[in-house]
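Laboratory data are not the source of any read-out in this text; all were calculated from the coordinates shown. Keep in mind the model is a prediction, meaning the values are calculated, not measured. Neighbour counts are summed over all protein chains in view; Cβ atoms, including those assigned to glycine, are modelled from backbone coordinates with ideal geometry.
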Amino acid sequence: MNFIPDRVEDLVRCMKCGNCQETCPVFVVTGKESRVARGRIRLLKAVINDEIEITDGVQESVLTCLQCDACRITCPPGVPVHELLLAAKAAMLKKGKALPEDQNKLRISIKDESNPFAQQKGERGAWLPPDMKEPKPAKYLLHAGCAISYASNRIGKAVIRILQKAGIDFTMLGDKEECCGDPLFRMGDTEQAEKQIEKNKAMYKELGIEYVITPCAGCFKTFKEHYSDIIKPLHIVQLFDRLVKEGKMSFSRPFKKKVIYFDGCDIGRHGEVFEEPRELLKAIPGLDLIEFPKNRENAQCCGGPLLGSYPELARKIAAQRVQEAIDLGAEILVVACPTCLLNLKEGARAAGLRMDIQDINPIIMRAL
Amino acid sequence: MQKNKVFTDVLEKIKNLVGEEYFSDSLEDRLCYSYDATIDEALPDAIVTPGTTEEIAQIMKWANQAKLPVIPRGAGTGLSGGSVPVQGGLVMVLTRMGRIIEINEADYYMVVENGVVTQTICDEMEKRGFMYPPDPASMKTSTIGGNIAENAGGLRGLKYGVTKDYVMGMEVVTPTGDILHTGTRTVKTATGYNLTQLFVGSEGTLGIVTKITLKFIPAPEHKESLLAIFKDMNHAAQTVADIISSGVVPATLEFLDHITINAVEDFENIGLPRDADALLLIETDGVKEAAMKEIGRVEEICRKNQAFRLEKAETEEQRDKIWEARRTAFSALARVRPTTILEDATVPRSRIPDMVRGVNEIAKKYNIQIGNFGHAGDGNLHPTILTDQRDKEEFERVEKAIDEIFELALKLGGTISGEHGIGSTKAKFMPDEVGDTGISVMKNVKKALDPNNILNPGKMFVS
């Protein structure tokens, strides 16, 4: 079958050494070869060689990839698994292989309501303070993202207050804010994702936006990869870290806790933001920052990207991360991504693990 | 492979025994268990992931009656086709049995299940101040069962030996479904045939090792590391010979050739001189004073042999830095061409210069790229062929070159496999090394244990 022809060179480079087994969180919990890069690559080759059709099994093997890109780090020939799997997802959809029912619902929800949670578009900005409901021309645009707008308002409210306290002039889009496109890429709907991006870009241009700042790691990664030609994307921790270093923001209230920082894949490996959240946490008086053995570039995904599609798998992976944090004696597990937050909490709950899991922003706000 | 009724029936029984979750005959899974880390591939009929020794014994009884081939498999990271189901049949994945059952610090042994990842064993030992020394490059993923099947080696082989040196005993399911216990938990034993060692390196052809009693040793208290770079490979080789004859046995004595050094520089640019002909990475370990004295002696020997760059690590960071070249060697080579073939021809260490020169001549003769790196201290080289499997004409040359590399290793008094095993990829070279009588004795052993030739058929011997 003529399938991802421009990715054949990547497929050929897989030497089947199996190093990806160690780094793939999905393989670690399933132990199945169809749930690791080496097996997925073999199946994609099989599709190309007409050894197999795009069956449900092949599709599931591909869709269960977290796109966390951890395996690229330990892959001797450096196969770009993330890009390869995104291309495969897109190609499957183009070849007419429909998404599983529940994932298709997410896709339709983004198309109709511009969020993956089947929430109403007109409700998006309901949580915002009155002065933030309408966009205005500004240098900084604060993009809350779907997860914060519909599920984790608390993070967004903290960010707004910190920005206001630091005297940053920024705007928000309120109900006019839309999905950044990330979940669409993950499901393979490149076409709709690109439409979404063009729509957002037009709005940014109209308002003369220079920086798009966001507490959502997934949105940040997408801005970095797809919007950098017209705006400068910043994860909110990058801006806060800069403000602290410039002396425009400082922490006065101590926070005497043993905190472990979790590098989400979108802010970390994809977004390459590793030090800023750590610098911020270390600047808080009394805070004791500890590390996962696998951190920064080598950090292990929480499983979050699969929470909407394969929730049981996602929770199992999350529970492993939470257990690691418990074993290391952490009192608070801190993330800089609403998806990580949601999924780690889900994982802890499902496994009956007790751990205080928080987004970094409420912690920052409390220490100001 | 044509599935017959007998096979279908026995596979159905096996599925009922282990439960649906641990059995699959879907085409997707058959494709995903058709390979190891070589280029060989073959589709199995089904995959089973048993959870207990008893389940394995039952499966073997049925398989033996039905003459269904069974191919034991760990993580599938082998480098000789050992777990590739070349005659179809049932792939038996052993990763589910992954417990460390007992660690006895008084008697220096531990009992583990076959599916434990080797790194887990090493980490557990390190935590307790001990060491399990065998460290194959695949140790973060490969299982102890797989290491035993292939008698895996690693970087520490020269001083500490390889997998076989740490296996004290085992529980094995025979091809006919009996459960056998071999060895002891004692340092000494003189009871009967040494069956334990018969199964080490048997590549899953004689039995399925389910539990293993492993030896461990106290961890060395101190390490010293030295990087030495030479303009002439002969000087590096003389250095290796002089180190050994001086009475120093380094824990690590690794070698990179000119091609590998340049591949590392292309890949990471860590500042290695491109005109270097050889690089040695040497570590001594043990009691602090001894390790320091030994590395001092090694340094002198390197100087005497005209090493033009010497770097000694004073801190953990520096140690990490001087390991960089060795650590990235394989990745660097693997990025040069689409297909990478890693061999393990091994020679007596004094013959390394002859071996490297010979491999370079073979590369020239067939106009292909071969990088050499590996374990200089024990003569275990990894000629790494960089090619493109899709280029038929080039690949024919590659195959001829591989034949000649093995011929050369044997001519130099070496072996066709230092640590990867024979499997399907090297079976045709076996008679050249072990002779007709060797093959005949081995086949008789195989027949005695596996009369129906159902366990990993098509391996080690050309049928």
Report summary line: Quick numbers on the protein assembly as shown, Rg and Dmax over C-alpha atoms in Å, give 28.8, 91
Report summary line: For B:Thr38, other-chain or 5+-apart residues with amide H closer than 5 Å (H placed, Pro excluded) are B:Gly81
Report task. Nearest 5 is fine: what % of DSSP beta bridges in the protein assembly as shown come out antiparallel, could you say? Result -> 70 percent
Query - Ratio of the Cα radius of gyration of chain A to 2.2 N^0.38 Å, where N counts its residues - result: 0.98
**Report entry** 12 Å beta-carbon shell around B:Arg274, net charge (K/R +1, D/E -1)
**Finding:** -3
Query - Furthest towards positive pole of dipole, B:Ile370, B:Ser26, B:Ala427, structure part chain B, Cβ charges - result: B:Ala427
**Report entry** Protection proxy ranking of B:210-219, B:358-367 - average other beta-carbon atoms within 10 Å, highest first
**Finding:** B:210-219, B:358-367
Report task. Please list, or write none, the aspartates and glutamates whose alpha carbon is within less than 15 Å of the alpha carbon of B:Lys304, excluding same-chain residues fewer than 8 places away. Result -> B:Asp232, B:Asp242
Report task. Would you work out the charge dipole size for region B:337-418 about its Cα centre, treating the Cβ of every Lys and Arg as +1 and the Cβ of every Asp and Glu as -1, and quote it to the nearest 20 debye? Result -> 240 debye
Query - Proximal lysines relative to A:Lys257, as straight alpha-carbon distance under 16 Å, when same-chain residues fewer than 8 apart are discounted - result: A:Lys282
Query raised in the report: Nearest 10 degrees, 0 to 90: what angle lies between the long axis of helix B:430-449 and the longest principal axis of chain B (Cα atoms)?
Result: 30 degrees
Report task. Go through B:Lys127/B:Lys321; A:Lys205/A:Lys245; B:Lys215/B:Lys459; A:Lys165/A:Lys201; A:Lys136/A:Lys201; A:Lys294/A:Lys345 and tell me which ones have a Cα-Cα distance over 22 Å in this structure. Result -> B:Lys127/B:Lys321; A:Lys205/A:Lys245; B:Lys215/B:Lys459; A:Lys165/A:Lys201
Report task. Take the cross-link list A:Lys105/A:Lys199; A:Lys45/B:Lys400; A:Lys16/B:Lys364; B:Lys293/B:Lys411; A:Lys97/A:Lys316; A:Lys95/A:Lys133 and give me the ones stretching past 32 Å between alpha-carbons. Result -> B:Lys293/B:Lys411; A:Lys95/A:Lys133
Requested in this report: Run the dipole for region A:122-242 about the Cα centre, Lys and Arg Cβ at +1, Asp and Glu Cβ at -1, nothing else charged, and hand back the magnitude in debye, nearest 20.
Outcome: 440 debye
Query raised in the report: Roughly speaking, what % of Cα-Cα pairs in region A:251-367 are separated by over 26 Å, rounded to a whole number?
Result: 13 percent
Report task. Under a cut-off of 19 Å between alpha-carbon atoms, report the aspartates and glutamates in cross-link reach of A:Lys176, not counting same-chain residues fewer than 8 places apart. Result -> A:Asp112, A:Glu113, A:Glu123, A:Asp131, A:Glu134, A:Glu194, A:Glu198, A:Glu206, A:Glu210
Query raised in the report: Can you give me the pair-distance distribution of region A:122-242, C-alpha pairs, 5 Å bins, whole percents?
Result: 2, 12, 23, 27, 22, 11, 3, 1, 0
Query raised in the report: Relative to the longest principal axis of chain B, what angle (0 to 90°, nearest 10) does the C-alpha long axis of helix B:53-66 take?
Result: 70 degrees
Query raised in the report: So, with +1 on the Cβ of K and R and -1 on the Cβ of D and E, and no other charges, what is the size of the charge dipole of chain A about its Cα centre, to the nearest 20 debye?
Result: 720 debye
Query raised in the report: Between B:Ile144, B:Gly154, B:Val172, whose Cα lies farthest towards the positive end of the dipole of region B:141-210 when Lys and Arg beta carbons carry +1 and Asp and Glu beta carbons carry -1, centred on the Cα centre?
Result: B:Gly154
Report task. Specify whether the C-alpha gyration tensor of region B:354-440 places it in the rounded, prolate or oblate class, a ≥ b ≥ c being the square roots of the eigenvalues: rounded for a/c under 1.5, otherwise prolate if a/b is larger than b/c and oblate if not. Result -> oblate
**Report entry** Crossing angle, helix B:118-127 versus chain B [Cα axis fit, 0-90 degrees, rounded to tens]
**Finding:** 60 degrees
Requested in this report: Sort region A:202-266 into rounded, prolate or oblate with this rule: let a ≥ b ≥ c be the square roots of the eigenvalues of the Cα gyration tensor; rounded if a/c is under 1.5, and if a/c is not under 1.5, prolate when a/b is larger than b/c, oblate otherwise.
Outcome: oblate
Query raised in the report: What is the Cα convex hull volume of region B:34-191 when expressed per residue in Å³?
Result: 119 Å³
Query raised in the report: Can you pick out the pairs among A:Lys94/B:Lys140; B:Lys426/B:Lys447; A:Lys157/A:Lys224; B:Lys13/B:Lys211 whose Cα atoms lie more than 30 Å from each other?
Result: A:Lys94/B:Lys140
Query raised in the report: Once you treat every alpha carbon in chain B as an equal point and sum by Debye, what is log10 I(q)/I(0) at q = 0.07, 0.11 Å⁻¹?
Result: -0.37, -0.91
**Report entry** Net charge of Cβ neighbours under 11 Å - reference B:Asn380; Lys, Arg +1; Asp, Glu -1
**Finding:** -4
Report summary line: Taking a ≥ b ≥ c as the square roots of the Cα gyration tensor eigenvalues, with a/c under 1.5 meaning rounded and otherwise prolate when a/b beats b/c or oblate if not, region A:1-77 comes out oblate
Query raised in the report: Along the positive direction of the dipole of the protein assembly as shown (beta-carbon charges: Lys, Arg +1; Asp, Glu -1; about the Cα centre), which of A:Ser152, A:Gly271, B:Gln87 reaches farthest?
Result: A:Ser152
Report task. Stick to Cα atoms and the Kirkwood definition of Rh, then tell me Rg/Rh for region B:100-218. Result -> 0.94
